[in-house]
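The structure appears right after this line, and notes come after that.
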Amino acid sequence: MNTFAERLLAWFEAHGRRGLPWQIDRTPYRVWVSEIMLQQTQAATVVPYFTRFMEAFPAVDDLAAAELDRVLGYWAGLGYYARARNLHAAARKVVRDDGGEFPATVEGLTTLPGVGRSTAGAILALAHGKRAPILDGNVKRVLSRYEAVEGWPGRAAVQKSLWGHAERYTPHEKVAEYTQAIMDLGATLCTRARPRCGECPLTADCRARVAGLQGVLPTPRPRRTRPQREVRVLLVTNTDREVLLERRPPNGIWGGLYSLPELAFEDDPQGWCRRHLGVDVREHTAGSPLKHGFSHFDLMIHPLEIRLDTAVNVLMDRDGWLWYNPAQEARVGVAAPIAVLLKRQCLLNGMHRSREAK
């Protein structure tokens, strides 16, 4: 075993993270779900979501049999919703094509929607103890610093170099422990800001630390001006104080989730209600705007509040639309900023919510 792995494993034995819910009863299914949730999301945020998700879908068959709405309901708030859609599609593929058993090779696992080489390696290493290098965000950071690899890791040439280091340092023994150890090192000591080099088992020959570059490596993504977008949404409330929600298209922002109907800036709310709901409304109120940040742009949401006439209670039979009581637990997936607007509306109406939307 190489000395890099030996030192990392000795550190892990004394200081590694234990007791995380996905470390208990490690199966390919549980490792897969946790790895997908942990993509671009910190472990502390993932823990309650993972626990609820496993309670609702304890096996891949349960996930495959569930409706997408229900899956998105348990995902709402984690963001990057394509992960949930891919998770659901992959579960159905595993059940349909593989008899409910996950493929046991990197090549087989990467045929599943949303599973790349690193996620496949983590499943094989953590669930089966098979030697398969990984290169998630934490590992990229550790290796970029240890080998002083310059350049943004998102570039193909830089990523190729990092994969070479990952392959070289991954041992043939104790693969599961090593895989967890290098992820833990990046998550707890070799962090993006203020790395704790004095406590790191690799500090003696870490090239970035020796050269004083640990604060600038890995090279950050080239700066780009974040675009600013704006959207108007309608908060239409009926006489039962229910709010109108509309399912979004399966792809794109909040794909498959329920949201408030959007209104083009050149359109007027009264005309929209007349066309879509068949009712005339006399006035609307501009609510407080809400800013929401995505990975590549910021979105300013402008809500327009419309209360339908007390004598009118619109009933619809339109696919993808529903009346939602914000005082009750959400049964469908609702986009996180929309859940904030619904909570505001709930408070304005003096309604009590028994539980936050998942």
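Table: residues versus (1) within 27 Å of Ile253 (Cβ to Cβ); (2) among the hydroxyl-bearing types (Ser, Thr, Tyr); (3) assigned by TED's automatic domain parsing to the domain that holds Leu322.
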| residue | (1), (2), (3) |
| --- | --- |
| Gln40 | yes, no, no |
| Val47 | yes, no, no |
| Ala65 | no, no, no |
| Gly79 | yes, no, no |
| Arg83 | yes, no, no |
| Arg92 | yes, no, no |
| Asp98 | no, no, no |
| Thr110 | yes, yes, no |
Discussion item. Six or more apart or on different chains, Cβ atoms under 9 Å: show the pairs whose first residue is in segment 185-213 and among the hydroxyl-bearing types (Ser, Thr, Tyr) and whose second is in a loop (DSSP other than H, G, I, E, B).
Written reply: Thr188/Gly16; Thr188/Arg17; Thr188/Arg196
Item to complete: Could you please tell me which pairs satisfy a Cβ distance under 9 Å, a separation of 6+ or placement on different chains, a first residue in segment 307-324 that is in the same structural domain as Pro249 (by TED's automatic domain parsing) and at positive phi, and a second residue that is surrounded by 12 or more Cβ atoms within 10 Å (Cβ to Cβ) and modelled with pLDDT of 60 or more?
Response: Gly320/Glu246; Gly320/Arg247; Gly320/Arg248; Gly320/Tyr258
Worksheet entry | Only one of Arg241, Arg275 that is crowded, with 16+ Cβ neighbours inside 10 Å and under 30 Å from Leu68 (Cβ atoms) | Arg241
Fill in: Residue count, segment 256-278 (criterion: in a loop (DSSP other than H, G, I, E, B) and at pLDDT 85 or above)
9
Discussion item. Every residue in segment 31-73 that is within 26 Å of Lys140 (Cβ to Cβ) and among the hydroxyl-bearing types (Ser, Thr, Tyr), please.
Written reply: Ser34, Thr41, Thr45, Tyr49
Discussion item. For the structure I just gave you, tell me whether Val33 is surrounded by 14 or more Cβ atoms within 10 Å (Cβ to Cβ), modelled with pLDDT of 95 or more, outside the structural domain of Asn251 (by TED's automatic domain parsing) and in contact with a Ser or Thr (Cβ under 9 Å, 6 or more places away or on another chain).
Written reply: no
Worksheet item: Got at least one residue in segment 149-169 being over 26 Å from Asn2 (Cβ atoms) and in the same structural domain as Ala65 (by TED's automatic domain parsing)?
Response: no
Discussion item. For segment 52-69, give me each residue that is not aromatic (Phe, Trp, Tyr) and not in a helix (DSSP H, G or I).
Written reply: Pro58, Ala59, Ala66, Glu67
Worksheet item: Of all residues in segment 1-51, which are of a type in the set (Val, Ile, Thr), within 21 Å of the chain's Cα centre (by Cα) and outside any loop (DSSP other than H, G, I, E, B)?
Response: Val31, Val33, Ile36, Thr45, Val46, Val47, Thr51
Fill in: Checking Leu72 against (1) in a helix (DSSP H, G or I); (2) at pLDDT 95 or above, the condition it does not meet
(2)
Worksheet item: Would it be correct to say that Val340 is at pLDDT 85 or above, surrounded by fewer than 17 Cβ atoms within 10 Å (Cβ to Cβ) and either within 24 Å of Ile253 (Cβ to Cβ) or in contact with a Ser or Thr (Cβ under 8 Å, 6 or more places away or on another chain) (or both)?
Response: yes
Discussion item. If I ask for residues that are without any contact (Cβ under 8 Å) to a residue 12 or more places away in the chain and either crowded, with 16+ Cβ neighbours inside 10 Å or of a type in the set (Gly, Ala, Ser) (or both), which ones from segment 36-64 would you list?
Written reply: Ala44
Discussion item. Of everything in segment 18-58, what is of a type in the set (Val, Ile, Thr) and under 20 Å from Lys130 (Cα atoms)? Give them in sequence order.
Written reply: Ile24, Thr27, Val31, Val33, Ile36
Worksheet item: Which numbered condition trips up Thr225, out of (1) buried (at least 16 other Cβ atoms within 10 Å of the Cβ); (2) not aromatic (Phe, Trp, Tyr); (3) not in a helix (DSSP H, G or I)?
Response: (1)
Discussion item. I'm trying to understand the selection: among the residues of segment 280-291, which are surrounded by fewer than 17 Cβ atoms within 10 Å (Cβ to Cβ) and either modelled with pLDDT of 85 or more or within 30 Å of Ala89 (Cβ to Cβ) (or both)?
Written reply: Thr285, Ala286, Ser288, Pro289, Leu290, Lys291
Practice prompt. Find the residue count for segment 197-238, including only residues that are among the charged types (D, E, K, R) and within 30 Å of Met300 (Cβ to Cβ).
Written response: 7
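The values are calculated or read from the model by the stated rules, or taken from the named source; none is laboratory data. Every value quoted in this text rests on a predicted model; they were computed, and no experiment measured them. No Cβ is skipped: glycine too gets one built from the backbone with ideal geometry, and neighbour counts run over all protein chains shown.
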